[in-house]
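The values are calculated or read from the model by the stated rules, or taken from the named source; none is laboratory data. Bear in mind that the values here come from a model prediction, so they are computed numbers and not experimental data. All Cβ positions, even for glycine, are placed from backbone atoms using ideal geometry, and neighbour counts span all protein chains on display.
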Amino acid sequence: MGLRVNNNISSLTAQRYLGVSTKSLDKSLERLASGMRINRAADNPAGLVTSEKQRAQIAGLNQAIENSERGVSMVQTAEAALTEVTSLLTKIRGLALDAANSAVNDADSLAANQREITDTLASIDRISTNAQFGSKKLFDGSNQNTVSATDGSDSLDMTFSSSTLATGTDTVTVSGFNAATYAVANAATVGIDATPSSYGLVGVKAGDHTMKVTQASNYATLTGTADITALGDALAPADTIVLNVSGTAATLTIQAGQGGATIALWVAAINDAIDNGNGGAAISTTANGTDKLVKAYAGTGNTIVFKTGDSVTGAWDEGASAAVTITSATIAAGTTLDEMGFAAGNRTATGTSAIVEFDNYANTVTFTGGAAETALTLQDVNGNQVSVTAGATGLDLGTAILTVTAARGNITLTNGTATSFTAGVKTTLTDQNGKTVDIVIGEDIVAGGSEGITAVNNGLVFQIGANQDQTVSIGLDDVSTNQLAKNVTNDSSFASLSEIDVTTAEGAQSALALIDAAIADISTMRGDLGSFQSNTLESNLSNLRIFSENMTAAESTLRDTDFAAEMANFTKNQILLQAGMTVLSNASQVPQAVLSLLR
C-alpha cells in the first residue's frame with residue numbers, strides 16, 4: 001500500500017469506529033440515566049408499540065381496581081342501611097307480638113303500640129328516601145330494574161320485582177291454567193249459596209274469608225196489638241177492611257164461605273180477598289204481575305201482621321219502605337179499628353235491608369223484587385269483590401267462611417324453564433340466559449296465554465375491567481313501606497307494610513305475616529348485596545391485582561433497563577471509545593512518515 005498525504009484512510013476508519021463507539025456509549029449512558037431500555041420509538045419500534053398497549057392496559061387495570069374498591073364501599077354503605085331497616089322491622093315485630101296478646105291489652109295499649117309502629121315505619125321510609133352514596137340515592141326506586149307489560153293490557157295481571165333482565169323485550173307464557181275456585185262453609189246458616197255466579201272473584205286473595213250477616217233482611221211489616229180471639233169478634237161475609245198501601249187505597253171484602261172468630265180464619269179471609277183481587281188490584285199487581293204487594297200473617301199472641309210481600313215466594317222488596325195502613329173496617333160484630341190495634345193513619349212500615357260483612361267490611365244488600373237466590377256482589381275495604389248467591393231462605397244472622405283457592409298453572413319466561421305458580425304468590429322466573437325476575441300473577445287472572453313484557457335495567461353499573469363492556473350491575477329495590485310485603489295473604493287485607501294496624505287482634509296477626517315477609521325481603525336484598533360484594537367485586541379485585549402485577553412485569557421486560565447487562569455494555573463501549581481515541585491518534589501520525597522520504 002502506498003503512502004498518501006491528501007487522504008488518510010486509516011484516520012477515517014478510526015474516526016468511523018470512534019463515532020460508533022461514542023453513539024453506543026451515549027445510548028448506554030441514556031439507558032442507565034433513565035432506567036428505560038426504550039426512550040424513543042427509534043430505540044425499538046415494535047417494542048414501543050407493544051409496551052404502550054401494555055401501559056394502557058396497566059393503567060386501566062389500576063383504575064378498575066380503584067373502581068372496584070369504591071364499589072365495595074358503596075355496597076357496604078347500602079348494606080348498612082338495610083341492616084338498620086332489619087333492626088327497625090324486628091322492633092315492629094316485637095310490638096305486633098305484644099299487640100297480639102289481646103287478653104291483657106286494652107285499647108290504650110294497642111293504640112300506643114300502633115303509634116310506635118307508625119313512627120318506626122316512617123323511619124324506614126326516611127331510610128328509603130335519604131340513604132345515598134355521595135349524591136346518588138340508593139333505595140328510592142331509581143336504581144330498581146323495571147319490568148312492565150309491553151302493550152299495557154296485562155291480561156295475566158302481572159307485577160314484577162327484583163329483576164336482573166337486560167333492557168329489552170321478553171315473553172311470559174302461562175300454560176296448564178286452572179282458574180280460581182271457592183266454596184262457602186255454613187252456607188245454610190246464613191243463606192249464601194256456594195255456587196259462583198258470572199261475577200266471580202275480583203282481587204280476593206287465596207285463603208279463608210269471613211262473610212257475616214249482621215242484619216237480616218225483612219219485609220216492611222205492620223202488626224196489630226189486640227188479641228182478636230179475646231174480643232170474640234168474627235169476620236163474616238160482606239165485612240170490609242180498607243187497606244192503604246203506599247198511598248193507594250183498596251177495599252177488601254170478605255167472601256162467602258170465609259170468616260170466623262179465630263186469627264187463622266181472619267188471616268185466611270183477608271188473604272183470600274187479596275188473592276182474588278177483590279178490590280185489591282192495587283195491592284196484588286207488581287211489575288211481573290204475580291207478586292203480592294201485601295199479605296196477612298198470624299202474629300204472636302193472636303195478632304195480625306201485614307207484610308209488604310210473601311216470605312214464601314219472595315214477593316216485593318225486602319228493605320223497601322212501604323205504607324201499610326188500615327184506614328177503616330166495617331165488621332158486623334162491631335169491632336172498632338182501634339180495638340184491632342190498627343189505628344188509622346199511624347201505621348206506615350219500613351222494611352230492613354240485610355247487612356253482610358265481608359272481611360269486616362259492611363255491605364248493604366237489598367233484594368230487588370224480593371227474589372230469593374239472587375246474586376250478591378260483596379266487597380272488602382279495598383274494593384276486592386266476590387259474587388255469591390242468596391239461598392231460598394234469604395239471609396239469616398250468622399257467619400260463613402269463604403274458602404278461596406287461587407288460580408294455578410305453569411309460567412315460562414322467553415324459552416326458559418317452565419315454573420309452577422299460584423296466583424298471588426311470588427315466583428322466580430329464569431330466561432334462557434340465566435337472567436331472573438320475580439313475578440306475581442294476580443288474583444284476578446281468568447285465563448292463560450302469552451304476554452309481552454319490556455325490561456329496563458336501571459341497576460347500578462360498575463366498570464370493573466380494563467376494557468370496554470367489562471361491567472357488572474346490581475339493582476336496588478325500593479324499600480319504602482308501601483313497597484315492602486306486597487301480595488302477602490292476610491285476613492285484614494293489608495296491601496303492604498305501610499297499612500298494618502295492630503289495634504285489633506286480627507290486625508296484629510295479619511301484621512305479623514307482613515312483617516315477616518318484609519324481613520325476608522330485606523334479608524334477601526342483604527344476601528344479594530353480600531354475594532355481589534364477595535363473589536363479584538372482591539373476587540374481581542384479587543384477579544385485577546394479579547393481572548396488573550403480571551402485566552407490569554411483562555411491560556417491564558420490554559421497557560426497563562437491565563442494569564447488569566447495560567453496565568457491561570457501558571464498560572465495553574467506554575473501552576472501545578478509549579481504544580478508538582488511541583488508534584485515531586496513531587493514525588494521524590502515519591502521513592508524517594512521508595517526510596522521511598523527502599529528506
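What tally of residues in the range 8-39 results from selecting those that are touching a residue at least 40 places away in the same chain (Cβ under 8 Å), in a helix (DSSP H, G or I) and within 18 Å of Ser556 (Cα to Cα)?
Residues that pass the stated criteria total 4.
Name the single residue that is farthest from the chain's Cα centre (by Cα) among those in the range 85-111 being acidic (Asp, Glu) and assigned to a helix (DSSP H, G or I).
Checking each candidate, the answer is Asp108.
Listed here are the residues, each with its yes/no results for (1) out of contact with any helix residue (DSSP H, G or I) (no Cβ under 6 Å at 6 or more places or on another chain); (2) modelled with pLDDT of 85 or more; (3) outside any strand (DSSP E or B); (4) of a type in the set (D, E, K, R).
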site: Ser387; (1), (2), (3), (4): yes, no, no, no
site: Ala400; (1), (2), (3), (4): no, yes, no, no
site: Thr403; (1), (2), (3), (4): yes, yes, no, no
site: Val440; (1), (2), (3), (4): yes, yes, no, no
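Could you check, for the range 441-462, whether at least one of its residues is surrounded by 15 or more Cβ atoms within 10 Å (Cβ to Cβ), more than 30 Å from Phe133 (Cα to Cα) and without any contact (Cβ under 8 Å) to a residue 40 or more places away in the chain?
So far as the range 441-462 goes, no, none of its residues is surrounded by 15 or more Cβ atoms within 10 Å (Cβ to Cβ), more than 30 Å from Phe133 (Cα to Cα) and without any contact (Cβ under 8 Å) to a residue 40 or more places away in the chain.
Could you tell me whether the range 570-591 includes any residue that is touching a residue at least 60 places away in the same chain (Cβ under 8 Å) and either closer than 30 Å to Ile464 by Cβ or not in a helix (DSSP H, G or I) (or both)?
no
Thr169 passes all but one of (1) closer than 30 Å to Asn415 by Cα; (2) in a helix (DSSP H, G or I); which number fails?
Thr169 satisfies every listed condition except (2).
Filter the range 546-573 for residues that are more than 21 Å from Thr50 (Cα to Cα) and surrounded by fewer than 16 Cβ atoms within 10 Å (Cβ to Cβ) and give the result.
Phe563, Ala564, Ala565, Met567, Ala568, Thr571, Lys572
I'm checking my understanding of the structure. Among residues of the range 466-482 that are touching a Leu at 6+ places or on another chain (Cβ under 8 Å) and crowded, with 20+ Cβ neighbours inside 10 Å, which one is nearest to Gln144 (Cα to Cα)?
Step by step, filter the range 466-482, then rank; the result is Leu476.
What are the pairs with Cβ atoms under 7 angstrom where one residue, in the range 116-135, is under 28 Å from Thr503 (Cα atoms) and the other, located anywhere, is of a type in the set (Gly, Ala, Ser) and surrounded by 17 or more Cβ atoms within 10 Å (Cβ to Cβ)? Sequence gap at least six, or different chains.
Once the first residue is under 28 Å from Thr503 (Cα atoms) and sits in the range 116-135, its partners that are of a type in the set (Gly, Ala, Ser) and surrounded by 17 or more Cβ atoms within 10 Å (Cβ to Cβ) give Leu121/Ser498; Asp125/Ser480; Ile127/Ala81; Ser128/Ser480.
Looking only at the range 526-545, which residues are surrounded by 14 or more Cβ atoms within 10 Å (Cβ to Cβ) and free of Cβ contacts under 8 Å to residues at least 40 places away in the same chain?
Asn543
Quick one: which strands (runs of 3 or more DSSP E) sit completely within the range 449-548 and have at least 1 residues that are among the charged types (D, E, K, R)?
449-456
Can you pull out the residues in the range 134-149 that are in a strand (DSSP E or B) and surrounded by fewer than 17 Cβ atoms within 10 Å (Cβ to Cβ)?
Lys136, Lys137, Thr146, Ser148 - these are the residues of the range 134-149 that are in a strand (DSSP E or B) and surrounded by fewer than 17 Cβ atoms within 10 Å (Cβ to Cβ).
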